[in-house]
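Chemist: I'd like to ask some things about the structure below.
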Amino acid sequence: MPLLDERAATRRLLDRLGFGPRPAELDQLAAGGFTAAVQTVLGATPDPVTMPDLGPDPGRPGKQASPAERKQAQQALRQQELKAGLWWLDRMVTVKAALPERLTWFWHGHFATGEQKVRGPRLMLRQNQQQRQLGAGSFTALAKSMVTDPALLLWLDGQDNRSGSPNENLAREFMELFALGIGHYTENDVREAARALTGWTVDRAAVKANLVAKRHDGGAKTVLGTTGPLDANSLVDVLLGRADSPRFIASRLWFRLVSSDPVPADALNRLVAGYGPGRDVTGLLRALVAEPAFRDPGTALVKQPVEWAVGLMRALDVVPSKLPSTQLLAELRGMGQVPFEPPSVGGWPAGQSWLTTSADLARLHLAQLITQHADLAHVANAEDARRLLGVDAWSQRTSAALSKLKGAALVAVAACAPEYVVST
Amino acid sequence: MTRKLGRRGFLLATGVAGAGVLALGASRVDWSQLMTAAAQNPLSPDAGVLVVVTLYGGNDGLNTVVPAADKAYQDARPDLAYKPEEVLDLGEDLGLNPGMKGLKKLWDDKRLAVLRGVGYPKPDHSHFRSMAIWQTASPQTASQTGWLGRWLDATGDDPLRAVSVEPVLPPLLAGQRAAGACLPVSGLKLPTGALGAAYQALGQPQQGESPLVARAARSVADLHTTAAKLGGSTHDHDGGKGQLAAQLDVVAGLVEAGVPTRAYSVSLGGFDTHADERGTQQRLLGELDSALSGFVARMRRTDRGKQVVTLVYSEFGRRVHANASDGTDHGTAGPVFLVGDTVRGGFYGDQPSLTDLDNGDLRVTTDFRDVYATLLQDVLGTDPGAVLAGHQGRVDGVLAT
């Protein structure tokens, strides 16, 4: 199998472990070769984080609230949601070290939690920051943080899960989608795991979750053959201790960063070895980029809409919050993806699901919006646009299509070219 | 959750297709594929066609088919109740919501069947779970497949047999092997001039491209074909007609063209009326009414159209008693509508009692699977057993066969 050359492999590294190259970034990294680029990307120091101040929780209008009061509360919430979403988009676009944000984005899709039901942007941001802080280290710490994360508790009815009246939603999804994968547990395991997770409530004002002792079932539970007075923490230990768990986590990262095709068995073994007993996400990534498949021209991925938009804005140095925010979010919604609003706990789809006629049109509109806010007067031909976007090569089709355009219009159409929409 | 968790939110929030068919990529079709299929393999003019209209959010059944004369109804929701003189009388002390004048005409024409008290055992008050139950037809255990998805699985592989005119594939069309196809409808206004021409040229196929890159190019080409061929059938977001009417216009065009599609899915969201319900619901029911009556009138003009049966349902009704916000919380059983030329109009199933409640909720009198089984058997011509796990019930006499 012919592998991608050093430059194309470096470009792919920037696509998959980041959001694509910023101006001059690809030239600089590629000059040192792929192996050095891997060290740079995996070893980069995370950019400092300043969380936005959303203000206090606008609260829920009471039963007696007038329509006007309700509308006001709704608008206040909407403003906070917008601010939170734009803050994250800005961060994805402006950070120097892209990998931590790309991992945060990955974990957001993995522990997919939706503001549509949580209705608490401060809670969403808290979860987001946990995923950022813990996302590159031990998966154990991340999973333990998530199992009692207030936003996730609200999203999966964890608040309604109490001793004597269990709600299985969180326990089931934690096993199926977060830790083990479907088919690696029984219905009885779900019921018992739900008991281990009883008692957690969310304090919205304090932006935290609390364990209420009298709501917690302290009795013995048996989950996947382990019996004991399991609680949230020890349940995670039981689940992550299963041999199915490392394979599941490795396959999920593979699915989003390498290929939609299943991981070959030998590659999966190497990924699991990289993850190791410490469940080290960065170790897993190191193994993943070392796989021949990572440099196989056949393992293409369709960029998710947010990845595509962020990549374009990074390349063009356009800050999302400087764009008309209503239109920005409307076009992202039209493409089917808005941060903090995954369609379900299963996360976003992948592959050609993103290539729909209606999404294409939203993509073109967003490309036009972004390029209109960039300084592109110097972009004179298709080759300039290719270098700007970090595309390996245009096909004849695309070169011909772009030949009559220049400036912003040229870059807008180039950004919609199949060679840019797909991370080849 | 009224604001954003509309149609799109509910679709995937049911969890049915989240990790399954959609993750792998559901088939997408374009207009030209459908038209080619119509030319090469047209649907037999006497083949039944099912159109499923999903009302997302939980439509308040008691304010849709209204027992206005019932004192218990007036007492339970004094500020929310319609007066007997406000509703459109259907007989048996029931009347349609005043926003549904078109459906009242269909009722008078004996083309509207009102199935009363439809639901499933052990009602679930979660939108997600309840919508999943309706779409999977699997009330007891979580299922990864939708009921029409299983019909696809059981009867062949052609994705064109079921088409969703929605932005994403609804779980009801997701099977284990097969899945329905999606044909989006909204806002296909393409740019013109040099930029438009350049963009269109991106849709050209290029030999030797990898499958996903080729698919990306194909998708751009599809967009242009769809926009060109659908012409007036597509609607901008700010078009005069509502979203549902736009979706049904597309379905009507496809049916008339003889596309070999037997089942269509369309939807309308926003029915989660926990607060200030009356105006919101009446507006939505009005949109349903004008879209549906326009569609039925158009369908009656052709032989193929006369074979269309339209099903209208929501994931649950709402509580009998109003809440303190002039709205209603999640409830249980609700009315289901069947409309079409082959439908025998009238009431089916018993109206749930307003006094003998189950923990404040209406008792289910008609199992929703009876409705599905009837449609599978009499519209789609399939043995319902394989799709509905051997479910035996039917709604007798509702369809002329």
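Chemist: Using Cα centres only, tell me the gap between segment A:297-333 and segment A:147-161 in whole Å.
Modeler: Result: 30 Å between the Cα centres.
Chemist: How large is ³J(HN,Hα) for each residue in segment B:380-394, as worked out from phi by the Karplus curve 6.51 cos²θ - 1.76 cosθ + 1.60 (θ = phi - 60°), to whole Hz, x for Gly and Pro?
Modeler: Going residue by residue, I get 8, x, 10, 5, x, x, 5, 8, 10, 6, x, 4, 9, x, 9 Hz, with x marking Gly and Pro.
Chemist: Now for a separate question. Could you give the size of the charge dipole of segment A:1-143 about its Cα centre, using +1 on the Cβ of each K and R and -1 on the Cβ of each D and E, expressed in debye and rounded to the nearest 20?
Modeler: 660 debye
Chemist: Using the Cα centre of segment A:280-334 as origin and beta-carbon charges of +1 (Lys, Arg) and -1 (Asp, Glu), tell me which of A:GLY311, A:THR326, A:LEU288 is placed farthest towards the positive end of the dipole.
Modeler: The listed residue farthest towards the positive side: A:THR326.
Chemist: Quick check: the distance between the Cα centres of segment A:281-296 and segment B:96-124, to the nearest angstrom?
Modeler: 58 Å
Chemist: On a 0 to 90 degree scale, rounded to 10, what angle separates helix A:6-16 from the longest Cα axis of chain A?
Modeler: Taking Cα atoms only, the helix is inclined about 40 degrees.
Chemist: Could you give the length gained by full extension between A:GLU187 and A:GLN74, i.e. 0.36 nm per residue of separation minus their alpha carbon distance, to one decimal place?
Modeler: Separation in residues times 0.36 nm, less the Cα-Cα distance, equals 36.8 nm.
Chemist: HN-Hα J couplings of segment A:195-204 from phi, Karplus 6.51/-1.76/1.60, θ = phi - 60°, integer Hz, Gly and Pro as x?
Modeler: These are the phi-based 3J(HN,Hα) values: 4, 5, 9, 5, x, 8, 10, 10, 9, 4 Hz.
Chemist: I'd like the Karplus ³J(HN,Hα) series for segment A:380-387: coefficients 6.51, -1.76, 1.60, θ = phi - 60°, whole numbers in Hz, and an x wherever there's a Gly or Pro.
Modeler: Result, ordered by residue: 9, 8, 4, 5, 4, 5, 4, 5 Hz.
Chemist: Under 14 Å from the Cα of A:LYS406, which aspartates and glutamates turn up, not counting those fewer than eight places away in the same chain?
Modeler: Within reach: A:ASP375, A:GLU383, A:ASP384.
Chemist: Treating the beta-carbon of each Lys and Arg as +1 and of each Asp and Glu as -1, no other charges, what is the dipole magnitude of segment A:62-112 about its Cα centre, to the nearest 20 debye?
Modeler: 100 debye
Chemist: Hey, got the Cα dimensions of segment A:266-361 along the principal axes, in Å, largest first?
Modeler: 46, 29, 27
Chemist: Turning to a different aspect of this structure: Based on Cβ point charges of +1 for Lys and Arg and -1 for Asp and Glu, what charge dipole magnitude is obtained for segment B:301-401 about its Cα centre, in debye rounded to the nearest 20?
Modeler: That gives segment B:301-401 a dipole magnitude of about 360 debye.
Chemist: Between segment A:374-416 and segment A:1-52, what is the C-alpha centre distance in whole Å?
Modeler: The two parts, judged by their Cα centres, are 22 Å apart.
Chemist: Taking 8 Å as the Cα distance limit and 6 or more residues as the minimum spacing, I'd like the relative contact order of segment A:46-194 as a percentage.
Modeler: So the answer I get is 17 percent.
Chemist: Can you list residues from other chains, or at least 5 along the same chain, whose modelled amide H is less than 5 Å from the amide H of B:ASP358?
Modeler: The answer is B:ARG363.
Chemist: Amide H of B:VAL163 versus every other amide H placed in the peptide plane: which residues, excluding those fewer than 5 positions away on the same chain, fall under 5 Å?
Modeler: Correct list: B:ALA181, B:ALA263, B:TYR264, B:SER265.
Chemist: If you average the sequence gap of Cα pairs under 8 Å that are 6 or more apart and divide by the length of segment B:82-167, what percent do you get for the contact order?
Modeler: Dividing the mean separation by the residue count of segment B:82-167 yields 11 percent.
Chemist: Something else: Grab the alpha carbons of chain A, take their convex hull, and tell me the volume per residue in Å³.
Modeler: So the per-residue Cα hull volume is 146 Å³.
Chemist: A further question follows. For A:ARG286 and A:ARG60, compute 0.36 nm times the residue count separating them, minus their Cα-Cα distance, and round to one decimal in nm.
Modeler: Contour length minus the Cα-Cα distance gives 76.8 nm.
Chemist: Which is farthest toward the positive dipole end of segment B:69-155 among B:PRO78, B:ALA142, B:GLY95, measuring Cα position about the Cα centre, with Cβ charges +1 (Lys, Arg) and -1 (Asp, Glu)?
Modeler: B:ALA142
Chemist: Once you have the Kirkwood Rh of the protein assembly as shown from its Cα pairs, apply Stokes-Einstein at 37 °C and 0.692 mPa s and quote D in µm²/s.
Modeler: 118 µm²/s
Chemist: Counting alpha carbon pairs within less than 8 Å and at least 6 residues apart, what relative contact order, in whole percent, applies to segment A:289-424?
Modeler: Worked out over segment A:289-424, it gives 32 percent.
Chemist: Additional query: Report D for segment B:21-155 in µm² per second (integer): Stokes-Einstein, Kirkwood Rh on Cα pairs, 37 °C, 0.692 mPa s.
Modeler: Taking Rh from Cα pairs, D becomes 175 µm²/s.
A short reminder: the numbers here are calculations on the coordinates, not readings from a lab. This structure is a prediction, so every number in the text was calculated from the model and none was measured. Glycine gets a Cβ as well: all are built from the backbone with ideal geometry, and neighbour counts include every protein chain shown.
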